């Protein structure tokens with residue numbers, strides 16, 4: 001269908017909804033504080049809600065708190081702004097399919113973990129030209145042949161994702177790390 | 001979901017108005033039972049609908065035009081299912097039901113997959 005646009009995006013994840021709610025709440029509190037300050041100034045009241053905030057702790061504490069708050073707010077804004085990028089649009093004749101890349105990452109990780117030599121898998125997928133691409137970092141048991149595990153997992157992951165998308169376009173790079181015996185405990189689920 | 005309504009273009013003197021909520025419910029009924037779908041709508045949208053006592057169709061968005069309709073269906077799928085096959089099954093079922101019941105022409109059915117559910121998740125959540 002030529003004139004049907006891609007849907008805006010998949011439904012936002014709980015984290016994105018939470019980030020939006022936090023940002024709205026912070027914005028509301030800031031606007032309220034500002035309004036109370038202005039109202040007090042206009043009416044000639046000897047009151048400002050900023051006084052208790054500005055007198056708490058020393059300069060260093062306040063500076064650290066302010067920087068921490070700014071970092072958190074920047075993170076929230078980034079998570080909301082990047083939400084729309086995290087999906088794969090598979091165009092069809094009468095509508096299409098929009099797949100969350102997070103869902104594909106879960107499939108990639110679960111498929112990799114089904115390999116008996118893999119103890120942990122971390123997938124990072126992106127979309128380019130309507131196809132998923134990315135990498136899967138593997139942590140394999142000690143003494144295994146990394147090249148063999150990489151080849152086997154790569155084929156399995158590509159097959160699993162291609163099955164979901166219905167297209168053989170997945171480009172996956174598998175990066176295995178063979179653990180040492182003393183590292184194994186830390187990586188086991 | 002917006003609360004648009006669409007007058008039926010085939011009855012110029014005595015228009016029929018169809019609420020998008022009705023179209024959404026028909027679509028929800030049409031896709032019930034299709035293999036590979038774990039749930040329609042995101043978890044939070046279903047929870048909100050439950051809190052509101054909403055008997056509508058969470059996860060189904062309707063875009064009504066004069067005599068046609070675009071439908072977006074958000075869903076989670078079962079691990080191992082083929083999304084194109086699910087999408088095609090949804091498209092066929094929704095198109096047939098909506099065109100039969102409402103007379104509206106279905107222009108597009110978009111499927112939005114926001115999660116994949118593994119068998120071990122299902123045993124924990126009870127499906």
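Values computed for the structure shown
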quantity	calculated
Matching residues in the range A:128-173 - criterion: being crowded, with 22+ Cβ neighbours inside 10 Å and over 29 Å from residue B:75 (Cβ atoms)	A:138, A:140
Qualifying positions in the range A:142-170 - more than 18 Å from residue A:88 (Cα to Cα) and in contact with a helix residue (DSSP H, G or I) (Cβ under 7 Å, 6 or more places away or on another chain)	A:142, A:153, A:156
Candidates B:81, B:108, B:87, filtered to the one that is at pLDDT 80 or above, part of a loop (DSSP other than H, G, I, E, B), at the interface with chain A (Cβ under 10 Å from one of its Cβ atoms) and on the phi < 0 side of the Ramachandran plot	B:81
Residue, surrounded by the most Cβ atoms within 10 Å (Cβ to Cβ), within the range B:25-63, restricted to residues that are modelled with pLDDT of 90 or more and assigned to a helix (DSSP H, G or I)	B:27
The one condition in (1) more than 15 Å from residue A:123 (Cα to Cα); (2) free of Cβ contacts under 8 Å to residues at least 12 places away in the same chain; (3) away from chain B (no Cβ under 14 Å) that residue A:162 fails to fulfil	(3)
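The values are calculated or read from the model by the stated rules, or taken from the named source; none is laboratory data. What you see is a predicted model; the values in this text were computed from it and never measured. Here Cβ is always computed from backbone atoms with ideal geometry, including for glycine, and neighbour counts include all displayed protein chains.
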